[in-house]
Every structure is written in C-alpha cells, then in structure tokens.
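Written out below as structure tokens is the structure these notes cover.
The values are calculated or read from the model by the stated rules, or taken from the named source; none is laboratory data. Predicted, not measured: the structure shown is a model, and the values here were computed from it. Cβ atoms come from the backbone with ideal geometry, glycine included; neighbour counts cover every protein chain shown. With ligands, DNA and RNA removed, areas are computed over all heavy atoms of the protein, side chains included. Shrake-Rupley method; radii C 1.70, N 1.55, O 1.52, S 1.80 Å.
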Amino acid sequence: MGSAYWDEKMAERYKAFRYEFPERALAGRVVVVAGGTGGLGAATVTLLAREGVRVVVGYRANRQRAEALAKTVEKDTGQKIALVGGELVDPAVRRAYLVAAEKLGGAPAGAAIFPGDPARAKWEELDAATIEASLRANYVGPILLAKELGGAMAATREGGSVVLLGTMQAVATFEGSLNYAAPKAALVQAAKILAKQWKNVRVNVVAPGATVAGMAETSVSGGKYDAYIESGAISKFGRPEDVARAVRFFLEPDNYVTGQVLLVDGGLTLRRDRG
Ligand SMILES: NC(=O)c1ccc[n+]([C@@H]2O[C@H](COP(=O)([O-])OP(=O)(O)OC[C@H]3O[C@@H](n4cnc5c(N)ncnc54)[C@H](OP(=O)(O)O)[C@@H]3O)[C@@H](O)[C@H]2O)c1
C-alpha cells in the first residue's frame with residue numbers, strides 16, 4: 001500500500017530535474033517587524049520592503065527615527081510602511097500591531113521580533129529589580145508579542161512564521177553576561193516550545209554575534225571585540241544585512257525549518273578560545 005501523502009506529479013518533476021525556488025514569495029503579504037527601527041531591524045525592514053512586502057514596523061519611543069526610516073524605505077522601494085509605537089508589554093500596543101496588519105492587508109504572514117535590551121549590570125549591582133527589568137525587556141515583551149501574532153497566524157489556513165532575536169551569548173557562555181544572556185536563553189527554549197505547540201506556525205531564533213549597528217555599536221567601535229579579529233576567531237564584524245538575510249530565510253512561506261537557532265556570528269563562538 002502506498003503513502004496517502006505521496007504526490008506522483010511532484011516525483012515525476014524531480015526525476016526530470018525540475019525544481020521550484022520561489023523568489024519574492026512574500027511579495028504583497030504583510031509582515032510585522034517589531035523593533036524594526038533599531039540598528040539590526042531596519043535592515044530587515046528594508047530587505048522585505050524591497051521584495052514587495054507590506055511591513056508593519058514597531059518601535060518603542062523614538063518616533064523621529066521611525067518616521068525617518070519609513071520615509072527612506074517608502075522613497076526607495078515604493079512600499080507603504082505602517083508604524084506602531086509603544087512598549088511591548090502593554091497589551092494595547094500588542095493589539096495595535098494586529099490592527100495595523102489588518103489595515104495593511106490582513107493577518108500577518110510573518111513576524112520578526114527584534115526588541116531587546118543589553119541589560120548591562122555590574123555583578124555588585126545585580127538585584128531583583130535589575131534582573132526583572134532584563135526579563136521584561138528580553139523575554140516577557142517579545143514572548144507576549146509572539147503569542148499575539150503567532151496566535152493570529154495559527155488561526156489562518158496558511159499559518160506563518162515567527163522569528164525571535166536571541167544573541168550568541170544565549171548559546172555560548174560569556175563571562176559577565178548573566179543579566180542579558182539568561183533571559184535570551186529562556187527565549188530560545190520558549191521558541192522551541194511554541195514551534196512544537198503550533199502546527200502551522202514555524203518559530204525560530206536568529207542569534208547575532210558582534211554586529212556593527214544597534215546596541216553593540218559602541219562596544220564594537222570602542223574596540224571591545226578587536227581581539228576576536230586579531231586572534232582569527234572572526235575575519236570581520238557582523239553587519240545588519242547578515243542578520244536581515246537570516247531572518248528573511250525563516251520568514252519565507254515555503255521554509256521547512258522550525259524550532260531552530262541560527263547563529264549569525266561569523267564563527268566567533270566556535271573559535272573564540274583561539275589566541
Ligand atoms: N546589535 C548587535 O550586535 C546584537 C548582537 C546580538 C543580539 N542582538 C539582539 O538583536 C536585537 C536587535 O538589536 P539592535 O542592536 O537592533 O537593538 P537597537 O538598535 O537597540 O533597537 C531596538 C529596537 O527595539 C525597540 N524596542 C526596544 N525595547 C522595546 C520595548 N520594550 N517595546 C517595544 N519596542 C522596543 C526600539 O525602539 P526605540 O528605539 O523607539 O526604543 C528599537 O526599534 C535585540 O534583541 C538584541 O538583543 C543585537
């Protein structure tokens with residue numbers, strides 16, 4: 001007895017070396033990029049808009065930067081950007097993301113959730129308030145938004161894709177990174193649980209390394225990571241475009257990957273003990 005799921009026409013195509021690699025598969029669809037005005041998120045917004053995606057861009061408070069990004073992207077790509085401001089932990093803000101998506105064209109086909117906070121804290125200053133603030137910024141807000149948007153996608157026939165932003169520090173152990181890395185590690189576990197829970201919504205994590213834009217810009221430009229280049233651990237620092245392409249990969253509607261973490265660190269965590 002044959003498989004109930006076998007597609008004979010597809011099998012014939014492969015025997016004839018005919019393959020499908022859709023390009024701009026998200027064109028015309030709505031995708032949410034929360035934290036899309038930041039150093040890394042803005043590159044993802046630009047890449048998606050160039051490919052004809054209708055993007056809902058979220059930010060917390062810096063309206064001026066959000067408007068400047070929307071103006072640049074709209075001028076360069078002709079795509080209309082919808083802006084949503086406010087703190088992710090606020091339920092009204094999370095609902096506003098869905099309302100904006102509906103206005104742009106319906107339930108989102110994907111969501112990339114960039115907000116996070118470096119949560120730098122000296123060991124002596126680490127207390128309940130500092131730990132809770134990091135958890136709120138790096139775990140509670142992003143997960144509640146994933147629940148809201150992933151839940152909306154799960155209710156559709158097509159489903160969708162949620163991409164959460166982790167960090168190399170959540171995958172490998174870096175001294176002094178407890179307050180930032182531990183909530184990000186929780187985010188990784190949550191992504192796997194959500195990937196298991198939702199049948200038609202894929203959930204993955206992109207974990208950047210030392211990247212030249214956004215929250216690491218001051219550390220990178222100040223020389224904090226130069227030793228990794230000097231030791232040969234990495235050949236260069238990461239760029240926002242590197243992260244954007246990884247995020248876009250997971251957002252592709254016919255992507256077959258779920259519950260995974262993709263490190264975009266140029267090999268830093270793999271070779272960092274060189275020296
Ligand atoms: N840059 C790096 O090298 C690097 C490395 C590893 C991991 N990451 C991770 O990558 C993600 C993006 O980093 P980034 O460097 O692009 O950060 P960023 O430049 O600081 O941008 C953060 C973005 O998220 C928004 N945001 C922050 N907190 C928010 C909140 N509570 N509610 C709603 N929106 C909020 C910001 O809006 P406003 O500006 O209006 O506040 C901004 O749009 C983060 O999760 C970070 O941990 C970054």
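Find which of Val171, Thr156, Ala111 sits farthest along the positive direction of the dipole of segment 93-190, computed with +1 on the beta-carbon of Lys and Arg, -1 on that of Asp and Glu, about the Cα centre.
The one lying farthest along the dipole's positive direction is Thr156.
Name the long-range amide H neighbours of Ile234: under 5 Å, sequence gap of 5 or more, or other chain; modelled H, no Pro or chain starts.
Ile229
May I ask you to list the lysines whose Cα is less than 26 Å away from that of Lys184, ignoring any residue fewer than eight positions away on the same chain?
Lys122, Lys147, Lys192, Lys196, Lys199, Lys224, Lys236
In the chain, carbon and sulfur make up what percent of the accessible area (probe 1.4 Å)?
Details: 7930 of 14940 Å².
Accessible surface attributable to carbon and sulfur in the chain totals 53 percent.
Which distance in Å, rounded to a whole number, links the C-alpha centroids of segment 81-95 and segment 201-275?
If we compute the Cα centre of each part, the gap is 27 Å.
Hey, any idea what the orientation-averaged projected area of the convex hull of segment 28-162's Cα atoms comes to, in nm²?
Dividing the Cα hull surface by four gives the mean projection, 8.3 nm².
Defining a contact as two alpha carbons under 8 Å apart and six or more residues distant in sequence, what relative contact order in percent does the chain show? Don't skip to the answer; put the middle values down first.
On the way: 505 pairs, mean separation 49.2, N = 275.
In percent, rounded to a whole number, it is 18.
What do you get for GluC sites (Glu not before Pro) in segment 1-51 restricted to DSSP loop and a cutoff of at most 14 other Cβ within 10 Å of the site's Cβ?
Glu20, Glu23
Could you name the lysines in cross-link range of Lys71, using Cα to Cα under 29 Å and dropping any fewer than eight places away on the same chain?
Within reach: Lys80, Lys103.
For the chain, what is the accessible area per residue in Å², given a 1.4 Å probe and the full set of protein chains? Don't skip to the end; give the middle numbers.
On the way: 14940 Å² over 275 residues.
Per-residue value: 54 Å².
Let me check against my output: what whole-number percent is the relative contact order of segment 65-217, with C-alpha pairs under 8 Å and at least 6 apart? Mind dumping the intermediate values first?
Working: 201 pairs, mean separation 34.3, N = 153.
Here the relative contact order equals 22 percent.
Starting from the Cα gyration tensor of segment 121-263, take the square roots of the eigenvalues, sort them a ≥ b ≥ c, and report rounded, prolate or oblate (rounded when a/c is under 1.5, otherwise prolate if a/b is larger than b/c, else oblate).
oblate
Where a Cα-Cα gap under 19 Å defines reach, which aspartates and glutamates qualify for Lys15, not counting those fewer than 8 residues away within the same chain?
Partners found: Asp7.
Keeping every protein chain in place, order Trp123, Trp198 by accessible area at 1.4 Å, biggest value first, i.e. largest first. Show your work: numbers first, answer last.
Numbers: Trp123 190, Trp198 30 Å².
Order by accessible area, largest first: Trp123, Trp198.
Please turn the phi angles of segment 88-101 into ³J(HN,Hα) values with the Karplus equation 6.51 cos²θ - 1.76 cosθ + 1.60 (θ = phi - 60°), one per residue in order, whole Hz, x for glycine and proline.
4, 5, 7, x, 5, 5, 5, 5, 4, 4, 5, 4, 5, 5
Amide H to amide H under 5 Å from Gly160: which residues, 5+ apart in sequence or cross-chain, H placed 1.01 Å off N in plane?
For Gly160, whose amide H was placed from the backbone, the distant partners under 5 Å are Val201, Arg202.
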